Amino acid sequence: MKHLGKIMAVLLALTLVFSLGACGQKQEPEQESEQKPASTSGADSETAEPEAKTPEEPVKLIYARGMDSTKANIKIIEAFNKKFEGRINVEFREMPSDTGAQHDQYVTAFAAGGDEFDVVDVDVIWPAEFAQAGYSLPLDKLIQKDGINMDEYMQGQRDAGTFKGKLWAMPKFTDGGLLYYRTDIIDKVPQTWEELIAAAGANKGKEGTKFGYVMQAKQYEGLVCNAVEFIAAYGGAVVDGNGDIIINSPETVKGLTVMKEIVTSDFVPNNITTFTEPESHTAFIEGQSVFIRNWPYQWALGNDEKQSKIVGKFAMAPLPKGDKKAAACLGGWMTIINKNSKYPAEAWEFVKFMCGQEGQKISAIDGGNAPTYLPLYKDEEVLAKSPHFADQGFVEGLKAAVPRPVSPIYPKLSDIMQIEISKALAGEQSIEDAVKHMDEKMKAAVAEAK
Amino acid sequence: MKKLKMSESYAGYLMVLPAIVIICAVALWPVVRSFWYSMFDLRLNHPAKSAVYLSYKLDMEKYVDTRFYVEGTLKELKENTAGHKGVEAAAVEQQLGTLHNQLMQSEAIASRYEPVKQLLDDFKPVSDATLRYVDLSREKARLYLNTIAEVTERLQALSTAENDAADQAVELMEEFRLSIMQPNFIGFGNYRYYLEELKVHNGKPGRLGMALLNTFYFTISSVFLELVLGLAIALLINKSFRGRGLVRAAILVPWAIPTAVSALMWKFLYDGQTGVVAKFCDMIGLVENPGILLTTRMGSMLSIIFADVWKTTPYMALLLLAGLQTIPVQLYEVGQVDGATKLQRFFKITLPLLKPTILVALLFRTLDAFRVFDLVFVLTGGGPANATETISVYAYKTMFAQMNFGRGATLSIVVFICITLISIGYVKILGADVLKDQAE
């Protein structure tokens, strides 16, 4: 018995040793192959051999962006992969449609120094944060090297991508809040918010509609966009040019009061405070609403015969005016390169293609997105598909869109605005209190972030 | 003989040692780690606070990169401004040059400078931490920060218009300032911040206080309802009837669906326009209009509680069923012979014998419910008006949306403290119960 025990012990020990050894052997080649692309970056020439091998196999880039209800981005990737066949192969990762959820996934990956995404589409409000945190690659040197004329891009978008004097994100397409209305119901487009409120109330129910107006009022990022439009239309602002908080003003109160009047009126859905973009555009393309406030993608979606019941029965206009002006919230998407990407040169090729003339043209024709590359507004193929791009008012409206606060702590500021405005809309606090609370909390957050 | 006994007891300890090590590693270590992080001002999207720093460090990547831009901007400034201002620009350049030379005197910095520059010129990240970060002495760090502050002031005086060369240089100085990692240990600063959020201002609790209230409200109501319904279901499926196997299996279906999926399902059911449940509530006059379910404080909280009850009652029923099956049938027979009514048998036999099972089931469910996240996140995202924000949702937003890991870790510790208190409470009741049984 004693012997048996000893033999067992030895056997056990041996199996352990062998299995460990086997593990070690298996891991080695894997580790090597993983490290190679990274180490070729260094100056050492030891890895010259595998470097010679790489050109044969195309470099695989991972490109991520949010859900696209149109298929434009698939076409862009196909076109790029065809053009660079054998050299670069872009693979697409679809992210959630909620921009906040996207943001959280990206920052989690980037904060860990991950290289799972090479190229990522970012909302116009993120470049400052991503740049400050060191997630993205500054593009100035690359742009200089390839001689790209940045004057051909829209100024507002370039500003959104610029932080501390460097450009961190390439403008892809621009967005602004726009008003869409049913041409079979409305003859005269409302010019002011007061007119819109009257028209929405009076025309609700005509032609099978259930609502007069739909917007986005859930406690999420879209609420901030809608609020900024009302605030700016009545002459208020959230931050000034120096990044100081100036939200506490009678103008802001006035704007938000009009917003609340609409949200609590009887011509919006009774659950408007759960509405994000998909809920509102579904209501509109199902023919349920007379008016909608939405981004430019609504145009292509509404004219898509497979999904929409209102093809050819709607038109777009700038958002109504407040006391001061008509204000659209600057939205839109830009493209960054992950700073930890293993293939920055190839990633730049893709960014250049997608945000350049070829990519933006596909995005404009198939996705209905407004280009940031200005020459495309004179391109005949683009204008044939989206005649409104020739409309000077539309283009000027987008160019004059008001940005949301540009700040490296934007997520915190947005969180404060979402909560306080949502509370005001739900009737838990007065508009005046909401504005006062936002002012106090945002000032504290800015001071703390220094 | 005695020696043998000693070695045997040592051997015994040796045998349980791995278990103790594993428990420490998987259970205690994360808590210790969270507590450690909660003592720091740790913000992953802040360049100088993205890790735990106990000493001053210089971020070579940032320093070298910024230096490239500073040189260009200062050159532009010198060329474009004449007279006094040009001289001042040259003086600033001189001052920064001196600072640079002082830094380069250190062997650690000088030896890293060129490799880092090389990597940056190739657009590669400096991913090697030992190459990227250099320890600085306190004096040197102070000297660096003071110089940058001085230069910033001088440049501000030179700036005449927004975004001119001097203004850009000022922004670059901010980059220089952030190249130094300062020790970010703040002791109980984060806890003081949240203590403030617990206090009641103008009759309303702060955000953390509200989140805790929401969490407790959700936990108590959902666990209570689940207990009552779960017990009823357990009693039912403990009886023998035709098709009992099928019913037992069917009852588990809600529990088998992933929470995120069932939350989405309930979102559609509660929808004010198309939701079946919303329509039904409206028809029987429970609510004024179908939209109320997800748009009001009361409605959304009750909706979440109901969805949770639907999902986890089967789990409760399963646990209680297991307890019911351990009660000997003879007891009921004796009761029947003695003439006890059904109600009496339930209260005198079933409940007392089921008590330990109920307490264990309650413990499991309370801890689970207290950490509720997925249901709330998918169904309401914490809204409307932050009425359904639970402590886990708050911690998620702080950590993963705002990347403030110091604060987020503090909230995790708050959750940990609450969970511990709840567990201790239950264990006290359970323990007393078991002891009493033994005494009898």
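Just so it is clear, none of the values below were taken in a lab; they were calculated from the coordinates. Everything quoted here is computed from the prediction, not taken from an experiment. Don't worry about glycine lacking a Cβ; one is built from the backbone with ideal geometry, like all the others, and counts go over all protein chains shown.
At a glance:
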quantity	calculated
Members of A:145/A:172; A:218/A:443; A:260/A:321 lying beyond 22 Å, as alpha-carbon distances in this model show	A:218/A:443
Prolate/oblate/rounded call for the range B:76-196, Cα gyration tensor, a/c under 1.5 rounded	oblate
Spatially close lysines, pair count over the range B:1-117: Cα under 22 Å, gap of eight or more or interchain	7
Among A:211, A:84, A:110, residue whose mean-square fluctuation peaks in a GNM of chain A (springs only between Cα atoms under 10 Å)	A:84
Cα gyration tensor shape for the range B:18-86, rounded if a/c is under 1.5, else prolate or oblate	prolate
Lys, Arg +1 and Asp, Glu -1 on Cβ, resulting dipole of chain B about Cα centre, debye, nearest 20	2320 debye
Inter-part distance where the range B:401-421 and the range B:94-144 are each reduced to a Cα centre, Å	36 Å
In sequence order, calculated HN-Hα J values of the range B:24-32 (Karplus, 6.51, -1.76, 1.60; Hz; x Gly/Pro)	4, 5, 8, 9, 8, 4, x, 5, 4
Reciprocal of mean inverse Cα separation for chain B (Kirkwood radius, Å)	28.1 Å
Cut-off 18 Å, label 7 Å out along Cα→Cβ of residue B:139, residues of the range B:99-113 by amide N	B:99-109
Dipole magnitude (debye, nearest 20) for the range B:305-397, charges at Cβ of Lys, Arg, Asp, Glu	120 debye
Residue A:392-residue A:140 pseudo-label distance in nm [points 7 Å out on the Cα-to-Cβ vector]	3.6 nm
Residue-span extension gain [residue A:87 to residue A:198] - 0.36 nm each, minus C-alpha spacing	34.1 nm
Radius 15 Å from Cβ of residue B:40, net charge of other residues (Lys, Arg +1; Asp, Glu -1)	+4
The range A:196-289 - convex hull of the alpha-carbon atoms, volume per residue in Å³	98 Å³
Residue among B:309, B:360, B:414 with the largest mean-square fluctuation in a Gaussian network model of chain B, springs linking Cα atoms under 10 Å	B:360
Prolate/oblate/rounded call for the range A:122-204, Cα gyration tensor, a/c under 1.5 rounded	prolate
Charge dipole of the range A:346-450 about the Cα centre (unit charges at C-beta), most positive-ward option of A:405, A:363, A:392	A:405
Percent of beta bridges antiparallel (DSSP, the protein assembly as shown, rounded to nearest 5)	70 percent
Full-stretch length increase - residue B:162, residue B:347 - with 0.36 nm per residue and alpha-carbon distance subtracted	58.6 nm
GNM top mover of A:371, A:344, A:403 - chain A, alpha-carbon springs below 10 Å	A:344
Ranked B:126, B:223, criterion: other C-beta atoms within 10 Å, fewest first	B:126, B:223
Label-point gap, in nm, between residue B:330 and residue B:55 - each point 7 angstrom along Cα→Cβ	7.4 nm
Computed label-point distance, nm, for sites residue A:155 and residue B:91 using a 7 Å Cα→Cβ extension	3.6 nm
Ascending count of other beta-carbon atoms within 10 Å, so fewest first, for A:313, B:397	A:313, B:397
Spatially proximal aspartates and glutamates relative to residue B:355 (Cα-Cα < 17 Å; intrachain offsets below 8 disregarded)	B:226, B:433, B:437, B:440
Rg ratio (alpha-carbon, reference 2.2 N^0.38 Å) - the protein assembly as shown	1.10
Of A:399/B:267; A:82/A:378; A:166/A:342, those spanning more than 29 Å from alpha-carbon to alpha-carbon	A:399/B:267
Average silhouette area of chain A, convex hull of alpha-carbon atoms, in square nanometres	30.4 nm²
Per-bin percent of Cα-Cα distances, the range B:281-406 [5 Å]	2, 9, 14, 13, 12, 11, 10, 10, 8, 6, 4, 1, 1, 0
Residue-count net charge about residue B:120 - beta-carbon cut-off 9 Å; Lys, Arg +1, Asp, Glu -1	-2
For chain B, calculated [θ]222 nm from helices alone, where every DSSP H run of n ≥ 4 adds -39500 (n - 2.57)	-23000 deg cm²/dmol
Residue order, fewest to most beta carbons within 10 Å, for B:26, B:52	B:26, B:52
Neighbour net charge for residue B:403 - beta-carbon separation under 11 angstrom, K R +1, D E -1	+3
